[in-house]
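Participant: Below: one structure in structure tokens.
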Amino acid sequence: MTLKNTADRWGGVSQFLHWLIVLLILILAVVGLSLDSLPKSPKYFWVYDLHKSTGLTVLALVVVRFGWRLYAGAPAPVAGTPSWQARIAGATHWLLYALIFAIPLSGWLYDSASGLRPLKWFGLFTVPKLSGPNAGIRDLAHEAHEWLFWALVALVVLHAAAAFYHHVFQRDDTLTRMLPRRRNATPTSR
Ligand code: HEM
Ligand code: HEM
């Protein structure tokens, strides 16, 4: 497997980061949505801390992934893709990047403006606060954290549906080129 993206496939680094971030966001969503129903007791603070530390890890991974994307480029649209579809796919991808950057950032701002106890990344080091305690910023960041998340859910449903549509109906390589190549598969086979 090549690490860099080629003209017709995503390389190992892009694939790894894509699926790792998908998995972490899935875990963050499940834990995040359960936070509300937890008793507000110090006994459960570790669940919050786990969500926050994992979310900050996603933020760091997104920065790396975006840097890699700018450096390594992207494969050309799959042959036969109408230009309007390629434009929509491109816009969707940039919007997905914007959301997976803004969601953890809004969570971090929410934590900062809440004036809570220091945030330690997996208990290892203290994460700087983005602002001092401020109820206005706190409420805005909290709202943003929630609504940006639901915007992501809506966009990911479209994004995944498009991938499956290409795979099942168009029978092209859109999905498989974001997956590791099967052993013995020739470049043109599926
Ligand atoms: C990609 C990363 C992240 C995702 C997908 C995510 C997702 C979520 C979701 C779905 C919720 C429930 C929203 C609600 O119903 O109110 C939530 C809540 C929360 N998130 Fe995140 N989060 C992420 C990163 C972060 C980060 C980095 C922090 C802080 C450093 C954070 C702090 C919080 C807090 C404190 C809550 C609880 C809000 C409450 O009090 O109800 N999140 N998150
Ligand atoms: C949290 C969920 C997801 C996010 C944030 C996300 C984000 C992205 C982004 C930003 C790209 C563009 C890659 C780049 O330009 O570097 C991309 C590509 C892709 N994603 Fe996702 N994705 C998610 C979930 C999924 C799921 C569930 C599937 C399929 C079942 C999927 C399939 C694909 C495929 C096939 C591509 C490559 C498209 C192409 O080559 O034109 N993604 N994704």
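The values are calculated or read from the model by the stated rules, or taken from the named source; none is laboratory data. Remember, it's a predicted structure, so these values are computed and weren't measured experimentally. Every residue, glycine as well, gets a Cβ built from its backbone with ideal geometry; the counts of neighbours run over all protein chains shown.
Participant: Do we find that THR126 is on the phi < 0 side of the Ramachandran plot, away from ligand 1 (no atom under 11 Å from the Cβ), surrounded by 15 or more Cβ atoms within 10 Å (Cβ to Cβ) and not acidic (Asp, Glu) in this structure?
Facilitator: no
Participant: Name, by its number, the condition in (1) within 20 Å of ALA98 (Cα to Cα); (2) hydrophobic (A, V, I, L, M, F, W, C); (3) free of Cβ contacts under 8 Å to residues at least 60 places away in the same chain that does not hold for LEU56.
Facilitator: (3)
Participant: For segment 75-92, enumerate the residues that are surrounded by fewer than 14 Cβ atoms within 10 Å (Cβ to Cβ) and within 18 Å of GLN15 (Cβ to Cβ).
Facilitator: ALA76, the sole residue that qualifies.
Participant: Okay, next question. Residues in segment 1-22 that are of a type in the set (Val, Ile, Thr), within 11 Å of ligand 2 (Cβ to nearest atom) and either loosely packed, with under 14 Cβ neighbours inside 10 Å or without any contact (Cβ under 8 Å) to a residue 40 or more places away in the chain (or both): how many?
Facilitator: Summing the residues that are of a type in the set (Val, Ile, Thr), within 11 Å of ligand 2 (Cβ to nearest atom) and either loosely packed, with under 14 Cβ neighbours inside 10 Å or without any contact (Cβ under 8 Å) to a residue 40 or more places away in the chain (or both) in segment 1-22 gives 1.
Participant: Right, here's the next one. For segment 132-157, name all the residues that are within 16 Å of ligand 2 (Cβ to nearest atom) and not in a helix (DSSP H, G or I).
Facilitator: Passing the criteria: none in range.
Participant: Within the bounds of segment 158-175, is there any residue that is within 16 Å of ligand 2 (Cβ to nearest atom), of a type in the set (Lys, Arg) and at pLDDT below 95?
Facilitator: Yes, segment 158-175 has at least one match.
Participant: Of the conditions (1) modelled with pLDDT under 95; (2) of a type outside the set (Ser, Thr, Tyr); (3) closer than 25 Å to LEU124 by Cβ, MET1 satisfies every one except a single condition; which number is it?
Facilitator: Unmet for MET1, out of (1) modelled with pLDDT under 95; (2) of a type outside the set (Ser, Thr, Tyr); (3) closer than 25 Å to LEU124 by Cβ: (3).
Participant: Given the conditions (1) in contact with a strand residue (DSSP E or B) (Cβ under 9 Å, 6 or more places away or on another chain); (2) among the β-branched types (Val, Ile, Thr); (3) away from ligand 1 (no atom under 12 Å from the Cβ), and given that THR92 satisfies all but one, which numbered condition is not satisfied?
Facilitator: (1)
Participant: Assess whether ARG181 counts as being basic (Lys, Arg) and part of a helix (DSSP H, G or I).
Facilitator: Answer is no for this residue.
Participant: Name, by its number, the condition in (1) modelled with pLDDT under 95; (2) in a loop (DSSP other than H, G, I, E, B); (3) more than 11 Å from ligand 1 (Cβ to nearest atom); (4) of a type outside the set (Asp, Glu) that does not hold for LEU116.
Facilitator: The single condition LEU116 does not satisfy is (3).
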